[in-house]
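Peer 1: Mind looking over this structure? Questions follow.
The values are calculated or read from the model by the stated rules, or taken from the named source; none is laboratory data. Here the structure is a predicted model, which is why all the values come from computation and not from measurement. Here the Cβ positions follow ideal geometry from the backbone for every residue, glycine too, while neighbour counts run over all protein chains shown.
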Amino acid sequence: MKFSKIKFITFYRLLFSVVAWAGIIIMLINNVSGKSGHELTMAIENYFSYFTTESNIMVALILTLSVLYRNAEKPVFLKPQIKGAVTLYITITGIIYHVLLRNVQPPHGIGVYSNLILHYIMPIAFVVDWIIADVRGIYKWKYAMIWLCYPIIYLIFTLIRGSFTLFYPYPFVNVTKLGYGGVAENALVLTVLFSMLGLIYVIIDKISLRLLNSKNNDSEIAIE
């Protein structure tokens, strides 16, 4: 039986949607293990305040919905522009963890497995999905800037919440240690890097379309 590309992509998305949800649940269990009462409540709230958690939930939702709606009209959440944004966010998750955070607080117990899933496997798997499955030629230059809205809103929310709870999910946004000036400097640097990464995705999208059109034109000429 011939295994078509569509069937492969569907299987691929189903597989990694399961992996993503498993990683999210395992990490949650690891974070709340042994806690109760107010401590449990705060542990759950803190868990969902991580960019890693939120970006992986977005990835899991997109993969799951892509399977469920494979033969139906796609909801707004599956539009290429949204998929591009989430691809950027999960890429940020992988890069920031590997470069800045992997040695800060090494995982332990079952957290070792969820850490591997959420910070390495899913970023790579989702970028591969973007490469092999997405329609090309959709992105506009302005998307690289629009995609920054969520990280900026995330930062603002984190700082406001942190001012009440004194919990900051990442050391580079820890106002208690760095002050607002230090956090602002880090935010500026990261914003520039994120915008450049977004532009890279837009450029790849546009170049891919040109290469595809060129290949199709060559094929038409060969047929003639």
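Peer 1: Please specify each residue of the stretch 101-110 satisfying the condition of being part of a helix (DSSP H, G or I) and either in contact with an Asp or Glu (Cβ under 6 Å, 6 or more places away or on another chain) or exposed (fewer than 11 other Cβ atoms within 10 Å of the Cβ) (or both).
Peer 2: None; the set is empty.
Peer 1: Working only within the stretch 12-41, note down all residues that are farther than 22 Å from Arg70 by Cα, hydroxyl-bearing (Ser, Thr, Tyr) and in a helix (DSSP H, G or I).
Peer 2: Thr41
Peer 1: The conditions are (1) within 19 Å of Lys5 (Cα to Cα); (2) assigned to a helix (DSSP H, G or I); (3) more than 14 Å from the chain's Cα centre (by Cα), and Tyr113 fails exactly one of them. Which is it?
Peer 2: (1)
Peer 1: If you don't mind, another one. Filtering the stretch 27-49 down to residues that are within 24 Å of Ile95 (Cα to Cα) and touching a Leu at 6+ places or on another chain (Cβ under 9 Å), which residue is surrounded by the fewest Cβ atoms within 10 Å (Cβ to Cβ)?
Peer 2: Applying the filter and picking the extreme gives Phe48.
Peer 1: Does Ile131 qualify as being assigned to a helix (DSSP H, G or I), under 17 Å from the mean Cα position of the chain (by Cα) and buried (at least 19 other Cβ atoms within 10 Å of the Cβ)?
Peer 2: no
Peer 1: Are there any pairs with C-beta distances below 7 angstrom linking a residue in the stretch 192-212 that is within 14 Å of Thr91 (Cα to Cα) to a residue that is of a type in the set (S, T, N, Q) and modelled with pLDDT of 90 or more, with the two at least 6 apart or on different chains, and if so which?
Peer 2: Qualifying pairs under 7 Å: Leu197/Thr91; Tyr201/Thr87.
Peer 1: Sticking with this structure for a sec: Return yes or no: is Ile124 closer than 30 Å to Lys74 by Cβ, in a helix (DSSP H, G or I) and free of Cβ contacts under 8 Å to residues at least 24 places away in the same chain?
Peer 2: In short, no.
Peer 1: So which residues in the stretch 155-184 are farther than 16 Å from Phe51 by Cβ and of a type in the set (A, V, I, L, M), if there are any at all?
Peer 2: Result: Leu166, Val175, Leu178, Ala184.
Peer 1: Would you pick out the residues in the stretch 200-224 that are modelled with pLDDT of 95 or more and surrounded by 15 or more Cβ atoms within 10 Å (Cβ to Cβ)?
Peer 2: Tyr201, Val202
Peer 1: Please indicate, with yes or no, whether at least one residue in the stretch 7-25 is surrounded by 13 or more Cβ atoms within 10 Å (Cβ to Cβ), touching a Gly at 6+ places or on another chain (Cβ under 8 Å) and closer than 30 Å to Leu159 by Cβ.
Peer 2: Checking the stretch 7-25: not a single residue is surrounded by 13 or more Cβ atoms within 10 Å (Cβ to Cβ), touching a Gly at 6+ places or on another chain (Cβ under 8 Å) and closer than 30 Å to Leu159 by Cβ.
Peer 1: Hey, among Ile44, Ile9, which residue is in a helix (DSSP H, G or I) and touching a residue at least 40 places away in the same chain (Cβ under 8 Å)?
Peer 2: Ile9
Peer 1: I'd like the full set of residues that are of a type in the set (S, T, N, Q) and under 20 Å from Ile152 (Cα atoms), limited to the stretch 162-215.
Peer 2: Ser163, Thr165, Asn174, Thr176, Asn186, Thr191, Ser195
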